[in-house]
1. So how strong a dipole does region 168-301 carry about its Cα centre when Lys and Arg Cβ are +1 and Asp and Glu Cβ are -1, to the nearest 20 debye?
2. With axes computed from alpha carbons, what is the tilt in degrees of helix 285-310 against the longest principal axis of the chain, rounded to the nearest 10 within 0 to 90?
3. Accessible area, 1.4 Å probe, largest first: how do C415, C135 sort?
4. How far is helix 250-280 tilted, in degrees, relative to the longest principal axis of the Cα atoms in the chain, given as a value from 0 to 90 rounded to the nearest 10?
5. Specify which labelled value, from [x] 0.98; [y] 0.94; [z] 2.90, agrees with Cα Rg over 2.2 N^0.38 Å derived from the coordinates of the model shown.
6. For the chain, set up a GNM with springs between Cα atoms under 10 Å and report which of L244, L220, L88 has the largest fluctuation.
7. Compute the separation of the alpha-carbon centres of region 44-80 and region 360-419 and state it in Å as a whole number.
8. Once a ≥ b ≥ c are taken as the square roots of the eigenvalues of the Cα gyration tensor of region 225-330, is the result rounded (a/c under 1.5), prolate (a/b larger than b/c) or oblate (a/b not larger than b/c)?
Amino acid sequence: MEDPRALIAREPMHYRQVIAVGIATALNALDGFDVLSISFAAPGIAKDWGIDRAALGLVLSMELFGMGVGAFVLGTLADKVGRRPMLLACLVIMGIGMGLASTATSVPILSAYRLFTGLGIGGMLAATNAVVAECSNARRRNLTVAIMAGGYPMGAIVGGSAASWLLAATGRWESVFEFGAVITLCFIPLVLWLVPETMAFLLLKRPAGALEKINRTLVLQGRKALDEMPPADPVQQKTSVAALFAPGMANVTIMLTATYFFHMMTFYFLVKWIPKIVVDLGFPPALAGGVLVWGNVGGAIGSIAVSLLSQKIGIRPVVVGAMFAGAVAVTVFGQGAVSLGGLSVIAAIACFFANGATAGLYAVIAQSYPAALRAGGTGLVIGIGRAGAALGPILAGLLFSTGWSLASVAIAMACGTLVGGIALSLTRYRESAIA
């Protein structure tokens, strides 16, 4: 009896697998908007509440702290209870958090609500990465994971355009969070309807009714049902955090975490501070959001470029190259521009490389861990790495508040992705089977 995991890895993807990947990509797009919603709202918050750059940097980072905890805790939990239940739980957390943020009346309260929202966003990142890796065949796995990561800037583009319109139409920063809450909760029925539990998880954990669930998925994909479960693989049963640091995995976990940490520090400095930097250069808040939207257009194209290159070249050299180019582009962005169009072009180029590298990193992470450790490994890397994401906006805010120029801050922050590229080039890993 052939293991269905081998069948899925070898055969062309069924349209239902493509739909599941598409929903996961849309969920990552939702993450992109939910994370950056605070960036679009930031100029209005700063104006209404009269807070300085240092305090604003802290607010901009709060959901990133939550994402770190959520990615690790909920990502590990997804390896125990399943990918699908975790997707649904994270949507509930995100929807409630976005709704509460629209009611905030002070920095501490808004920070607490953004921290809570970040828990769901982080868990979602870990779970969607595992879903896409396990729903794809071997030939298209790097491509689909990179496409999924490309959903993040697409969410910022579509959601950011809507946010800019809402800000212009209502003049209320609260409307950004209200819009996010409604859209987030609308995804719950889509996941219930179109995203089954992955066969890799069911074959690994074998919960009650696993065979029936697997056969239901196989039949819907036009494949032959199983008469019985294939033999369990005892090697794949360890799911503890210690297993991520076992011989053969420790170097991978440590170096990937360092890579993600330093790259995220640069990436989130860029995407979190763009609107405020543009406003400080003298442009209206509604137009400042447009620069971030164009930055995410560049980011989406970068994800696609990495996806296509990964089919021809090894994914790691593509990501390393994107990180090195991204460091240069962020430095150039810090030199400023005299026109809104110039700022938009520079932001698009910087995000092209920064988000392209991020998309490729998710593919590297997914192929580096077996199914028993995939969501947990992804969660650990993202969880600790998100400390870098949180550090980026805070560090930039502190540097600005002490009198550093935009050019100097950009050079300092660009060093993060440069260090990340070096760390990834030194990582020793062997691609794991998605099983």
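The values are calculated or read from the model by the stated rules, or taken from the named source; none is laboratory data. This structure is a prediction, so every number in the text was calculated from the model and none was measured. Note that we place each Cβ from the backbone using ideal geometry, even for glycine, and neighbour counts take in every protein chain shown. SASA here: full protein model, heavy atoms, side chains in, ligands and nucleic acids out. Shrake-Rupley method; radii C 1.70, N 1.55, O 1.52, S 1.80 Å.
1. My answer is approximately 120 debye.
2. Result, in degrees: 30.
3. So the residues, ranked largest to smallest area, are C415, C135.
4. That works out to roughly 30 degrees.
5. The listed entry that was calculated here is [y].
6. L220
7. Taking the Cα centre of region 360-419 as reference, the centre of region 44-80 is 13 Å away.
8. The shape class here is prolate.
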